[in-house]
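Here's the structure we're looking at; comments come further down.
The values are calculated or read from the model by the stated rules, or taken from the named source; none is laboratory data. None of these values were measured; they are calculated from a predicted model. Neighbour counts run over all protein chains shown; Cβ positions are idealised from the backbone, glycine included. Only protein heavy atoms, including side chains, enter the accessible area calculation; ligands, DNA and RNA are left aside. Shrake-Rupley method; radii C 1.70, N 1.55, O 1.52, S 1.80 Å.
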Amino acid sequence: MKIKEIRHLSVPMTGNIANAVVNFSEHTISLVAVFTDQLRNGQAIYGLAFDSIGRFSQGGIIHERMIPRLLQTDPESLLNEDGSFDCSRVLRCLMRNEKPGGHGDRAAAAAALELAFWDINAKLRNEPAYQTIARAFGCEPARTGMPVYAAGGYYYPQDGVGRLKDELKHYVDLGYSAFKMKIGGTSLTEDMARIEAALAVAGNGSNLAVDANGRFNLQEATAYAKAISPLNLRWYEEIGDPLDFDLNRRIAEIYDGPVATGENLFSFVDARNLVRYGGMRRNRDIFQMDPGLSYGLTEFARILTMLEENGYGKPFIYPHGGHLINLHIVTALGLGGCEAYPGVFQPFGGYSTECRVADAKIHPGDSAGFGLEAKAELVPHIRKILEGYG
Ligand code: MG
């Protein structure tokens, strides 16, 4: 099998929403396509993927460093014995001559490309990616759907509390019964009013998580911990700076409910430092590393193994990024569940119509690969990146 061409398209995200730290109106995402010389039904097999949500598109790194490395490499050296791509070899190739450390934008760039090769592997077998991934890692894919919660509850420019309640009610209508909302973008008093309003829809605390997006210092984190403690919330997410493991540990020491973090840790080494120094409690706290931001599935699988070796179970792993790629990964590896962005982060957020949400669980569809082609909002961008090929 040969790699004939690799393309990158920077796709803007729609909407004007914000968390405590970031307004997403200027955000972009890297969509990549890797074309092979293999044919199926007369069509060239290609892999499609993107770098999750939240770190901007990575066209510079992808075009200047990573695509040339892949195209200069003998493709036979990237293959498994069965002729599929060995994605760990693909990642090694992408990272040639890169120094260790500094796991930022480069991790998202590599992830978009590495994940596209998983899409190819699934399309070679004409099966959904979760089946390919489960086989590769010796797992039995979940048959009954994966737990899913609706992530939203952002700060909108106008009408905070009323719009928040309407937003959550809309998610109820779509079949969701667990939710996550943002905190830390206003005063503690106003946030408590927002949380109470959300709880009126969610029913009780176990259905509602709150996310500070790394905004708090220790004093603020402590004040919020004390205020929300009686509500028994589902979890208290990304309390301080993602690399401030000491802050995470100190809050875990005084807050009985689950804490959640990890979406902004992009490497095995960073995740291991969280385990070593972050005070994460077994059978309680939640890990949220996102393959699309952290060098792809190869590195994510290393992180999973490390977590399990340290006594942290798969049911406590909920990758960040409510989208099709992570749904396939969560289903394949039997993780705790995934989030969904039913109303926001289009065209990448949420799922396609072939994914069913029922009883707070979601099933991936039957399309080959990650099924991105079946997501209507993505179709115009996919047409554009495939244009003239074949
Ligand atoms: Mg978060």
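The table for this structure:
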{"quantity": "Residues (away from the ligand (no atom under 16 Å from the Cβ) and out of contact with any Phe, Trp or Tyr (no Cβ under 8 Å at 6 or more places or on another chain)) located in region 255-269", "calculated": "Asp256, Phe268, Val269"}
{"quantity": "Verdict on Arg92 being outside any loop (DSSP other than H, G, I, E, B), among the basic types (Lys, Arg) and over 25 Å from Pro347 (Cα atoms)", "calculated": "yes"}
{"quantity": "Matching residues in region 28-46 - criterion: being surrounded by 20 or more Cβ atoms within 10 Å (Cβ to Cβ) and touching a Gly at 6+ places or on another chain (Cβ under 6 Å)", "calculated": "Val34"}
{"quantity": "Condition met for Ser52 (among the small types (Gly, Ala, Ser), in contact (Cβ under 8 Å) with a residue 40 or more places away in the chain and within 20 Å of Ser267 (Cα to Cα))", "calculated": "yes"}
{"quantity": "Matching entry among Pro242, Pro230, Pro157, Pro147 (being open to solvent by 20 Å² or more (accessible area, probe 1.4 Å) and within 16 Å of the ligand (Cβ to nearest atom))", "calculated": "Pro242"}
{"quantity": "Any chance Arg106 is away from the ligand (no atom under 16 Å from the Cβ), in contact (Cβ under 8 Å) with a residue 24 or more places away in the chain, in contact with a helix residue (DSSP H, G or I) (Cβ under 7 Å, 6 or more places away or on another chain) and assigned to a helix (DSSP H, G or I)", "calculated": "yes"}
{"quantity": "Test: residue in region 284-303 that is open to solvent by 30 Å² or more (accessible area, probe 1.4 Å), over 17 Å from Ala178 (Cα atoms) and over 20 Å from the mean Cα position of the chain (by Cα)", "calculated": "yes"}
{"quantity": "Unmet requirement for Gly292, which otherwise passes all of (1) in a loop (DSSP other than H, G, I, E, B); (2) farther than 21 Å from Ala209 by Cα; (3) within 16 Å of the ligand (Cβ to nearest atom)", "calculated": "(1)"}
{"quantity": "Of all residues making up region 207-221, the number that are open to solvent by 40 Å² or more (accessible area, probe 1.4 Å) and more than 22 Å from the chain's Cα centre (by Cα)", "calculated": "4"}
{"quantity": "Pairs, first over 22 Å from Asp256 (Cα atoms) in region 185-213, second outside any helix (DSSP H, G or I) and within 16 Å of the ligand (Cβ to nearest atom), C-beta under 6 Å, six or more apart", "calculated": "Gly185/Ala20; Gly185/Tyr155"}
{"quantity": "Region 9-27, subset of a type outside the set (A, V, I, L, M) and open to solvent by less than 30 Å² (accessible area, probe 1.4 Å), residue nearest to the ligand (Cβ to nearest atom)", "calculated": "Asn19"}
